[in-house]
1. Specify which labelled value, from (1) 155; (2) 116; (3) 142, agrees with volume of the Cα convex hull per residue in Å³ derived from the coordinates of the model shown.
2. Between Gln144 and Glu21, what's the calculated FRET efficiency when r is the beta-carbon distance and R0 is 45 Å? Round to 0.05.
3. Which distance in Å, rounded to a whole number, links the C-alpha centroids of the stretch 24-41 and the stretch 115-173?
4. Out of all DSSP beta bridges in the chain, what portion is antiparallel? Express it as a percent rounded to 5.
5. Mind putting a number on the dipole of the stretch 124-257 about its Cα centre? Charges go on the C-beta only, +1 for Lys and Arg and -1 for Asp and Glu, and I need it in Debye to the nearest 20.
6. Can you tell which of Leu125, Cys112, Pro219 lies farthest toward the positive end of the dipole of the chain, using +1 and -1 charges on the Cβ of basic and acidic side chains (Lys, Arg; Asp, Glu)?
7. Using the Cβ atoms and a cut-off under 15 Å, what net charge is assigned to the surroundings of Arg190, where Lys and Arg are +1 and Asp and Glu are -1?
Amino acid sequence: MSQRIPSYYLSHGGGPWSFMEGDMRRRFDQLEAALLATARDWGRAVRAVLVVSGHWETAEFAVSSAAHPGMVFDYYGFPEHLYHIKYDAPGSPELAMRVRALLQAGGLACDCDPERGFDHGTFSLMKPLYPSGDMPIVQLSIKQDYDACAHLSVGRLLAPLRDEGVLIIGSGSSFHNLGLRGPSARQPSRRFDDWLQQTLLRSSAAERRERVVSWTTAPDARIAHPREDHLIPLMVALGAAEEDPAALVYHQPDFLGGWVLSSFRFGEPVRA
């Protein structure tokens with residue numbers, strides 16, 4: 001049966017949530033449960049993970065190539081001990097070279113960065129999925145120009161990895177406006193989420209491409225994403241499985257009291 005691994009656009013929650021305890025951690029129970037359920041989609045077929053993180057922006061595409069990546073604490077306002085956490089998963093210089101080669105073969109510049117560590121767009125998701133830190137993980141940056149078509153093209157170039165045991169995750173947030181929280185966020189986030197679900201779940205492949213490229217015409221688009229750093233990883237995940245059906249794998253209508261958040265799978269689950 002097929003061993004082609006789906007690609008994903010995952011809302012990664014807030015800060016280092018998967019290292020929190022008590023009531024702070026409980027706020028993310030629904031997200032964590034969805035992640036653990038999603039992991040059943042690929043079982044033991046994954047040999048490495050490529051995370052396209054909305055928390056790493058570069059002028060040209062870059063891929064992390066360290067064998068033992070460090071940590072990047074790019075959040076603020078959390079207890080001091082959460083700036084000393086460690087997620088000891090290995091990197092994969094081999095996969096980094098493969099990613100760079102695929103992009104360069106498609107005419108795109110891509111640098112290797114041996115210094116880049118795991119940011120919370122990566123370790124917040126990987127901690128519950130691979131708590132023992134035994135899965136090799138590589139990060140790919142997004143370009144600072146936020147060009148939707150270019151990021152779709154990156155996904156297309158990376159699509160062969162799905163047949164090589166690599167799980168491709170676009171890590172961001174389907175709604176990301178840190179200045180709008182609580183009840184006032186409910187309606188704009190719902191309207192944007194309705195558009196996103198219509199686009200990804202109920203549109204043809206061709207229409208889906210057109211709609212995501214022109215995402216700024218969506219209802220409340222710039223309220224949902226004043227900066228699209230957390231939306232652009234979607235383009236890579238979608239590009240890697242452009243003709244495949246999508247499925248909703250996480251939906252929370254009241255995240256932190258007001259945000260409507262969703263995550264999506266592209267392609268069918270692996271069948272043993």
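FYI, it's all coordinate maths here, none of it is from the lab. Every value quoted in this text rests on a predicted model; they were computed, and no experiment measured them. Backbone-built Cβ (ideal geometry, glycine too); neighbour counts: all protein chains shown.
1. (2)
2. 0.80
3. 18
4. Just about 35 percent of them are antiparallel.
5. 420
6. The Cα lying farthest towards the positive end belongs to Pro219.
7. Details: positive: Arg181, Arg186, Arg191; negative: Asp193, Asp194, Asp220, Asp254.
Every neighbour counted, the sum reads -1.
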